[in-house]
Structures are given as structure tokens and as C-alpha cells.
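The values are calculated or read from the model by the stated rules, or taken from the named source; none is laboratory data. No experiment lies behind these values; they were computed from the predicted model shown. Areas reflect the complete protein model, heavy atoms only, side chains present, ligands, DNA and RNA absent. Shrake-Rupley method; radii C 1.70, N 1.55, O 1.52, S 1.80 Å.
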Amino acid sequence: MSRLSSAVPAEQYLADSQVLFYLNDAVTQLLDHKEEYTQFGLVRYFAEYFSSVKNSNHVLFREFNYITATQHNRASFIRVFWRCFRQIGKSGDLLSVWEYRSLLQLLCPDFPLEVVRSAARIVLMDDTADCLMSFSDFIYAFQLQFYYQEFLESVQVIYQDLLAGKSPNTVIVPTSSSVEQLISVATEENDREEQDGVDSSTLAECVDAFCDRFKHSYPSRTCMREALEQTDKVSYFSFLMGLAKHESINQTIGVLPSKEELLIDPELDQELDKLIAQISVSPSSNSSSSAVGGLKEVQRRASPRRNIHHRRKIEVESDGSTEETDSSEN
């Protein structure tokens with residue numbers, strides 16, 4: 001509520017809320033598809049666009065650059081991924097990196113493999129694409145990697161400097177070029193050096209100092225300190241695993257429930273039970289289209305752009321369906 005106070009300058013509010021980013025995107029979509037949108041009225045179009053942003057449905061089927069453009073977009077995408085595919089966790093299926101990427105690409109067609117591999121390595125402690133992971137293990141690691149990606153890449157640069165024996169006083173603030181160089185060499189070095197790790201207190205000191213200069217979102221310093229205090233020496237991915245499991249991190253992002261409640265969604269389960277009952281009572285009806293139509297109303301309204309241009313949304317909105325899992329397992 002403090003952001004709505006008169007004490008907050010208008011420019012600061014616009015910057016913090018990123019309203020201008022969404023307004024620019026709304027206008028861009030309108031101009032690209034004005035013949036289809038203007039027939040519904042401009043007021044209705046903008047109302048539906050910003051309603052979808054508020055309800056976190058605006059990221060469906062958008063490009064990767066868009067879903068990572070703001071922290072709200074990232075949190076929204078995590079939520080959509082959980083709601084669409086939590087049934088995989090309920091069924092107990094274990095999936096590989098490639099299969100999780102396939103699921104993510106149903107929601108974001110150009111979702112990169114590297115982000116999925118980084119999340120998987122937090123779980124597996126190894127860069128093995130064929131190893132299988134449970135949905136609950138993967139989604140919390142994915143949440144951490146996806147939401148704090150830039151910060152984690154910078155921390156990995158710091159970690160590699162310490163691993164190479166540099167003094168904490170000579171560890172520099174990572175740049176985009178240093179991050180790119182790290183990615184190219186990290187795989188070769190990690191396999192033989194990651195096992196030893198670095199001194200936890202030294203890493204904590206360097207990370208804390210880096211937070212003072214970092215301009216983007218990063219995990220709570222208290223959470224990071226607690227994760228590093230568990231052992232005297234820590235590897236990069238074991239540090240990330242500690243963060244992924246930390247409930248305070250999950251609460252800060254605010255889109256996933258606790259692990260105990262991850263697979264529970266009473267409202268959606270109730271609607272699914274109703275649809276299944278209807279299908280069993282009326283076997284002659286067009287059960288496929290009726291079930292999908294019902295789930296479409298239960299889950300969410302997508303952004304105006306995607307309501308018109310992406311009818312394939314119907315395929316992923318059935319939260320109780322296992323069609324995606326079946327296709328990825330084949």
C-alpha cells in the first residue's frame with residue numbers, strides 16, 4: 001500500500017510497478033492485431049489485457065524474452081507451469097530434462113534448454129540429461145533458477161574465482177562477458193573441482209558484498225546465510241539446493257505452496273471430479289470438447305492476444321490430463 005502513498009513520486013511508482021512496460025506491450029499487440037481487437041472495443045481490450053496481467057495469465061504462449069522481462073512475469077510463469085502440470089506430480093511420474101523442457105515449451109515455444117539443465121543440475125548435482133526427476137524436486141529448483149537467474153549466474157562467477165584460489169579481496173563484480181566465459185568453461189572445471197567446494201564463510205562474505213552492488217532481484221541475505229552455515233565447505237550446486245529447499249525463498253516469490261501442499265488444489269480437483277462424472281454419465285456426448293471447455297473456465301482467462309491466435313491453449317489447460325506426460329514419455 002505504501003507505493004500508493006502521495007509520498008512516492010509518480011516516476012518511482014511507474015518504475016517499481018513497471019506499468020509502462022505492460023502498457024507498451026498492450027499497445028504493440030493492439031497495433032499488430034488491430035483489425036481483430038478493435039471490433040471488441042478499445043476499453044474492453046485494455047481491461048482484459050491488464051486483468052490478465054493481474055491474474056498472472058498473460059505469460060501463456062509468449063516468447064521467452066517477454067516472460068523473463070519482469071519479476072512478475074517470471075513468478076506468473078512459474079505459477080502457470082505448476083497449475084498446468086501438477087498432475088504429473090500426483091501421478092508420481094519421473095521425467096528427464098528433455099521431457100521437462102518439452103512441457104515448458106508447450107507454454108513458451110522458445111524456452112531454452114540451458115535454463116532447464118541448470119535447474120536440473122541443482123537437483124541432480126550432475127549435468128546428466130537422462131536422469132529422472134520428480135515434479136516436486138524439479139519445480140522448486142526451477143523456481144529458484146528461473147526467478148533469480150542473473151543473480152545465480154553472477155554468484156557462480158564468484159564461486160569459480162574462489163575455487164581457482166583467488167583472494168576474496170580480488171573477486172570482482174561479475175559482468176555479462178565474464179558470465180558468458182564462465183558458462184563456456186564451467187562444465188569442464190566443475191566435474192573435477194566441484195566436489196571439494198569452497199569455504200562457506202568466505203563465499204558468504206563475497207556474496208553479501210556483491211548484493212550491495214547488484215541491481216536486480218536476489219534471494220534474502222538471511223536465507224543465503226543460513227544455507228551457507230550448514231557446512232564448513234560448500235559447492236555451488238549444493239548451495240543452490242539449500243536455497244531451493246528454503247521455505248522463506250518460496251514464500252518471498254509467493255506463487256508455489258509449501259511442498260506438503262504442492263499437489264493439492266481443492267478447487268480444481270472438485271471441478272475435475274465434476275467433469276469426470278459428467279463424462280461417465282453421458283458417454284455419447286462429445287466428452288473431449290466439453291471437458292476441455294469446462295477446464296478452460298476453471299483455470300484462467302489468457303491474454304487477449306492469445307485468446308485469438310493460439311487455440312492450442314486448449315491442449316495444455318486440462319490440468320487433470322496426462323496427455324503431455326504421455327507424449328513426452330514416448
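The table below gives the values:
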| item | result |
| --- | --- |
| Residue pairs, from the table Lys245/Lys274; Lys233/Lys259; Lys90/Lys259; Lys215/Lys259, whose Cα atoms sit over 24 Å apart | Lys245/Lys274; Lys233/Lys259; Lys215/Lys259 |
| Global form of segment 33-161, assessed from the alpha-carbon gyration tensor, a/c cut-off 1.5 | prolate |
| For Lys259, solvent-accessible area (1.4 Å; no DNA, RNA or ligand), Å² | 110 |
| Accessible surface ranking that places the most exposed of Lys34, Lys54 first, with a 1.4 angstrom probe | Lys54, Lys34 |
| Rounded to the nearest 10 Å², the accessible area of His33 at probe 1.4 Å | 40 |
| Accessible area (Å², per residue) of segment 3-66, counting only protein heavy atoms and a probe of 1.4 Å | 61 |
